[in-house]
Amino acid sequence: MKLLSLLFTLALSLSALNASAFEQEAQSRATTVKLSSEKPLVVGNNTIVFQIFRDGKATSGDTVTIKSFMPAMPGMPYMDFKEAAKELGDGRYESVVNFSMSGTWQIHIFITSSDGKKYRVKTSINL
Ligand SMILES: [Cu+2]
C-alpha cells in the first residue's frame, strides 16, 4: 500500500512537471495577456504562447506582433527582435522570441483586433 501511494505521488508530481515551465501575466487596461512556454526560456529562440483576453474574453482574429528589445548598455548596442505571432485558437497566439543575450528584455505585444483597434501590452522578462 505504501508503494502504491508513493507511485501515486510520483504520478502527480510528473503531471505537475508537464505544466508550463514559464508563465507570466501582463495587463494594460482591459487587455490581459498570459505568456507561457512549455520549455524554460533560454538565450536563443523561444516558442512563447500569448493568450489574449479583452474584457475577460479570449480574443479571436487578432493580428499580433511581438517585439523584444534591450536598451543600449556600456559596451553593448541596442538590440531588438520583432516577429509576428500565429493564431492557435482560444485566444492563443504563438510566436518565436529570440533573446540574443541574458539580462532583462522588454517585451511589447502589439495587437490589432479584427475591427482595426490597436492595443499594446508591455512586460519584461529576466533571463
Ligand atoms: Cu544587454
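Strictly over 18 Å apart at the Cα level, which of Lys82/Lys117; Lys39/Lys122; Lys39/Lys118; Lys39/Lys82; Lys34/Lys57 would you flag in this model? Mind dumping the intermediate values first?
Working: Lys82/Lys117 20 Å; Lys39/Lys122 22 Å; Lys39/Lys118 30 Å; Lys39/Lys82 20 Å; Lys34/Lys57 12 Å.
Beyond 18 Å: Lys82/Lys117; Lys39/Lys122; Lys39/Lys118; Lys39/Lys82.
Taking amide H as placed 1.01 Å from N in the peptide plane, Phe22 has its amide H under 5 Å from the amide H of Ser37, each at least 5 places away in sequence or on another chain. With R₀ fixed at 41 Å, the C-beta to C-beta distance from Val43 to Thr63 puts the FRET efficiency at about 0.90. Taking the C-alpha atoms only, the angle from helix 2-17 to the longest principal axis of the chain is near 10 degrees. In this simple spin-label approximation, Leu4 and Glu23 carry label points 7 Å from Cα along the Cα→Cβ vector, and these lie 3.1 nm apart. The relative contact order of the chain comes to 23 percent, based on Cα pairs under 8 Å that sit 6 or more residues apart. Ranked by the mean number of other Cβ atoms within 10 Å of their residues, highest first, the peptides 68-75, 30-37 come out as 30-37, 68-75.
Every number in this text was worked out from the coordinates using simple rules, so none of it is lab data. This structure is a prediction, so every number in the text was calculated from the model and none was measured. Please note: Cβ atoms are built from the backbone with ideal geometry, for glycine as well, and neighbour counts cover all protein chains shown.
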